[in-house]
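Rule-based calculations on the coordinates, nothing more; no lab input. It should be emphasised that the depicted structure is a prediction, and the values quoted were computed from it without experimental measurement. All Cβ positions, even for glycine, are placed from backbone atoms using ideal geometry, and neighbour counts span all protein chains on display.
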Amino acid sequence: MRKVAIVGVSCTKVGEHWETSLRDLFTQAGLKAMDDANTAKIDALYVGNMCADKAQEQGHLGALMADAIGLPGTPAVKVEAACASGGAAIHQGFTAVASGLYDTVMVGGVEKMTDLQTEEVSAALMMAENREYTGFTGITFVGLNALVERLYMETHQVKHEEIATFAVNDHKNAATNPYAQYPFPVSLETVMNSPLVADPLHLLECTGIGDGAAALVLCPAERAREFTDTPIQISASTIATSKLAMYERDDLLTFQATRKAAESAYKLAGIGPWDVDVLEVHDAFTIVGVLSMEALGYSERGKGARLAAEGQTAAGGRIPTNTLGGLKARGHPVGATGVYQVAELTWQLRGGAGKNQVSGAEVGMAQNVGGVDSTAVVHILRRTN
Amino acid sequence: MKPIQQVGIVGYGAYIPRYRIKAAEIARVWGVAGDRFPIDEKAVVGLDEDTITIAVEAAKYALRRARIDPCELGAVYVGTESKPYAVKPSGTVVAEAIGATPNVLTADYEFACKAGTEAFQTCIALASSGMVKYGMAVGVDTAQGRPGDELEYTAACGGAAFIFGLRSENTLALVEGTYSYVTDTSDFWRRDGEFYPCHAGRFTGDPAYFRQIKCAATGLMKELQLQPGDFDYAVFHQPNAKFPSSVAKDLGFSTEKIKPGLLSPVIGNTYAGSSPMGLAATLDSAKPGQRILMVSYGSGAGSDAFSFVVQNCVAEKRDLAPRVWGMVDRKKYIDYAVYARHRRKIQA
């Protein structure tokens, strides 16, 4: 296998892009990534997306987006793994370059959720669970995660406020990210006083509905300097799945897919969790952030919430996490989120994260989740000097 | 747009039905948790009231303040989206009831919540051109929201009538100019034959309400070479309590400037009646020489902006008919069951 580097990244601001189509969103990010990589040549395109079939009644995104960025005829496919679609697309792009099949590969993620009404968004996202046994009951993803949060608090006797601190951390970081959907700080009190969406989950513990697109250009590491002076190497790209439906799991409070993907990634990269300088976790809900931290090996079971509450995940903390706002405050344009995470880590490792720069960051890790950890994708990136 | 000859408001009147339902009562019925609602309470019609009866009440009050013979009205336009008859003008009934028939121009206007201010513009133009001596424009609605829908909290009943004529000693507010901004934006609609409207959720915000109002307001101010600081008061369409406050802040108007005309928290969204009623409430307390900005918003979508300068005779005229805030305070609370009967959601 060849080593793979990231040589171009870009993203659009996450938000309500009422006047921009799905295709135009992708085009904006894709063309900017090509500019960033100083290349007009793309051998293959992988597009991460979950909901276009429902939201825009648009399938066949591979051919559509290849054409949109001026590259008709390029091998191109859509990759779908629910909210992990973006991470899964990167994994596909990585394997394509690593195998030697393609040299310059674009990986994009795009989602436009605001074409749907809120209840339609909930229905679209429920496609990530088992329709036959779970979705048909009418429960939403907020509902599923609320059950997990309640169980976690009861089982481990954890205060709700500790879990909710994850949202406070995200918002603080997003305040200085020009691409963030919610670039403002919120207090813990504000989070805890926000309306209940599904008991015990409050509104400000949940990601909003947003549109956005992000893109990367990958190439073999040995050719990276042809494109950029600051290539970032992908040390590991792993993907794992667990039981799709929550009701089939023996243990609802352990993210098995994340644990498996992370163990493989640490092994491939030859590092442990605390060797990571900057971390992106998939905190679609505060409780998902907590369980992700535990599964990634940053704490034992039942202690993950303390990481945020004690300030360990804050900028300047022991493991700076979601340094540009995470899902909660940068935003969660579903199928693009995994690509946003890796684009943001690339900026951090290049030293180009502006006010949010983690000083001297050399190793970054991103964890992207589909469903309630039914799919997990982990990427470990390293600066190469 | 500026009239060729100077035109002003010579009379105005508003009417708010007596009944109120609290937002908390609607939330109770639908099992909605919390205590944060788009408004506090809204006005509801009685069993014998509809758009036409509200328009007539408001028109009578406007005539009292105008101190004119109704026969002098050359035009009566009613802007509404809740006409009692799908085919048969509301304007004819109103004109007949106030004694303005038969030599009168009449039509009903529809442009969601800005139908009333479209009638303003027509009357201003007719009076300015000399085609009519006085023209009456009424913005009125008895809007309905689908049970359980977010709109049910706000869709309310009320209206206001304004009489326009050439500038004279009888003018209580002079029209400086008007400006319209219209785009094809489907944020809220009701198909033919449907009883309840549909809306596109958050799309009704930034790309619809806020865009149109801001473009109309800034367009008018540019045309008249005025700044927000030149206005003493501002009235924006009031679909809920939050939107008018937010758009005022964005445009650079303080809370104090919108306060006299901000009725939505206590009477709800009276649709085509909304911004005209806000203007009426503002005229109830404005002093001569003060300038008022009014911007309506109609889904579909568009905004009409107006600049008025209050004239001397406002003080002697305002007490010739009931003031708006007095009607706000004249109320009787009903529960959801009575509300359902009044709004014909249940029938014997």
- Message: Could you tell me the center-to-center distance, by alpha carbons, between the range B:1-58 and the range A:92-137 in angstrom?
- Response: 46
- Message: Give me the three principal axis extents of chain A from the C-alpha atoms, as integers in angstrom, largest value leading.
- Response: 54, 44, 38
- Loop GluC sites (Glu not before Pro), the range A:197-301, which have at most 16 other Cβ atoms in a 10 Å radius of their Cβ (DSSP): A:300
- Distant-in-sequence amide H partners of residue B:176 (H built 1.01 Å from N, under 5 Å): B:307, B:308, B:309
- Query: Using the Kirkwood formula over every pair of different C-alpha atoms, what hydrodynamic radius in Å results for chain B?
  - Reply: 19.6
- Please turn the phi angles of the range A:372-385 into ³J(HN,Hα) values with the Karplus equation 6.51 cos²θ - 1.76 cosθ + 1.60 (θ = phi - 60°), one per residue in order, whole Hz, x for glycine and proline. 8, 6, 7, 10, 9, 10, 10, 10, 10, 10, 9, 6, 10, 9
- Query: Could the peptides A:74-83, A:329-338 be put in order, highest first, of the mean number of other beta-carbon atoms found within 10 Å of their residues?
  - Reply: A:329-338, A:74-83
- Task: Please identify every one of the trypsin sites (Lys or Arg not before Pro) in the range B:170-244 that sits in a loop by DSSP and has no more than 12 other beta carbons within 10 Å of its own beta carbon.
- Result: B:191
- Note on the structure: Taking the reciprocal of mean 1/r across every pair of different Cα atoms in the protein assembly as shown, the Kirkwood radius in Å is 28.0
- Which lysines have a Cα less than 21 Å from the Cα of residue A:3, not counting those fewer than 8 places away in the same chain? A:41, A:267
- Other residues with Cβ under 12 Å from the Cβ of residue A:327 give, with Lys and Arg +1 and Asp and Glu -1, a net charge of -3
- Pull up the cross-link candidates among the aspartates and glutamates for residue B:222, meaning alpha carbon to alpha carbon under 16 Å and not fewer than 8 places away within one chain. B:176, B:230, B:304
- Can you give the relative contact order of the range A:202-353 as a percent, counting alpha carbon pairs under 8 Å and 6+ residues apart? 33
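If I stretch the segment between residue A:101 and residue A:248 completely, what's the gain in nm (0.36 nm per residue apart, minus their alpha carbon distance), one decimal?
Numbers: separation 147, 0.36 × 147 = 52.92 nm, distance 3.82 nm.
Here the answer is 49.1 nm.
At a Förster radius of 30 Å, what calculated FRET efficiency corresponds to the Cβ-Cβ distance of residue B:315 and residue B:40, to the nearest 0.05? Don't jump to the answer; show the numbers that get you there.
Details: r = 31 Å, r/R0 = 1.03.
Efficiency, from the Cβ-Cβ distance: 0.45.
Report the gain in length on full extension from residue A:192 to residue A:275: 0.36 nm times residue separation, minus Cα-Cα distance, nm rounded to one decimal.
On the way: separation 83, 0.36 × 83 = 29.88 nm, distance 3.31 nm.
Here the answer is 26.6 nm.
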- Item | Sites residue B:48 and residue B:230, calculated FRET efficiency, Cβ-Cβ separation with R0 30 Å, nearest 0.05 | 0.10
- So which of B:249/B:331; B:42/B:114; B:83/B:257 end up more than 22 Å apart, counting from Cα to Cα? B:249/B:331; B:83/B:257
- Geometric extent, Cα atoms of the range B:173-315 - Rg, Dmax (angstrom): 14.9, 47
- HN-Hα couplings for the range A:347-363 via Karplus (6.51, -1.76, 1.60; θ = phi - 60°), in whole Hz with x for Gly/Pro, come out as 4, 4, 6, 6, x, x, 8, x, 5, 9, 4, 8, 4, x, 5, 10, 10
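Below 8 Å between Cα atoms, with a sequence gap of 6+, how large is the relative contact order for chain A in percent?
Working: 976 pairs, mean separation 100.1, N = 385.
For chain A, the relative contact order is 26 percent.
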- Task: Would you mind checking the tilt of helix A:256-269 against the longest principal axis of the Cα atoms of chain A, expressed as 0 to 90 degrees and rounded to 10?
- Result: 40
- Task: With everything on Cα atoms, drop me the angle between helix B:51-66 and the longest principal axis of chain B, reported from 0 to 90° to the nearest 10.
- Result: 30
- Note on the structure: If the label point sits 7 Å along Cα→Cβ of residue A:1, residues of the range A:215-258 with amide N under 17 Å come out as A:218-222, A:233-241
- Query: How about residue A:54: which lysines have a C-alpha closer than 28 Å to its C-alpha, ignoring those fewer than 8 places off in the same chain?
  - Reply: A:13, A:32, A:78, A:112, A:243, A:328
- Compute the distance in nm between two label points, each set 7 Å from the Cα along the Cα-to-Cβ direction, one at residue B:330 and one at residue A:318. 7.0
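So what is the relative contact order of the range A:229-298, in percent, for Cα pairs below 8 Å that sit 6 or more residues apart? Don't skip to the answer; put the middle values down first.
Values: 55 pairs, mean separation 24.0, N = 70.
Reported as a whole number, the value is 34 percent.
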- C-alpha long axis of helix A:85-98 to longest principal axis of chain A, angle in °: 40
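For peptide A:113-121, how many partner chain Cβ atoms fall within 10 Å of a residue's Cβ, on average?
Working: counts 0, 5, 2, 2, 6, 2, 1, 1, 1.
Mean shielding count: 2.
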- Query: Tally Lys/Arg at +1 and Asp/Glu at -1 over every other residue whose Cβ is under 15 Å from the Cβ of residue B:174; what's the total?
  - Reply: +1
- Message: Give the average, rounded to an integer, of partner chain Cβ atoms located within 10 angstrom of each Cβ in B:199-206.
- Response: 4
- Message: Can you compute the label reach from residue B:223? Point 7 Å from Cα along the Cβ direction, backbone N cut-off under 18 Å, restricted to the range B:1-31.
- Response: B:1-9
- How large is ³J(HN,Hα) for each residue in the range B:342-348, as worked out from phi by the Karplus curve 6.51 cos²θ - 1.76 cosθ + 1.60 (θ = phi - 60°), to whole Hz, x for Gly and Pro? 4, 8, 6, 7, 10, 9, 5
- Message: Under 5 Å between amide hydrogens, which residues at least 5 positions from residue B:236 or on another chain qualify, with H placed 1.01 Å from N in the peptide plane?
- Response: B:295
- Query: For chain A, what is the mean residue ellipticity at 222 nm derived from helices alone (per DSSP H run of n ≥ 4: -39500 (n - 2.57); sum divided by total residues; nearest 500 deg cm²/dmol)?
  - Reply: -10000 deg cm²/dmol
- residue B:194-residue B:340 FRET efficiency (beta carbon distance; Förster radius 25 Å; 0.05 resolution): 0.85
- Task: Determine the alpha carbon to alpha carbon distance for each of A:172/A:355; B:60/B:332; B:133/B:317 and list only those over 18 Å.
- Result: B:60/B:332; B:133/B:317
- Hey, got the average number of other protein chain Cβ atoms within 10 angstrom for residues in A:89-101? 0
- Under 5 Å from the placed amide H of residue A:78, counting only residues 5+ away or on other chains, we find A:47, A:61, A:62
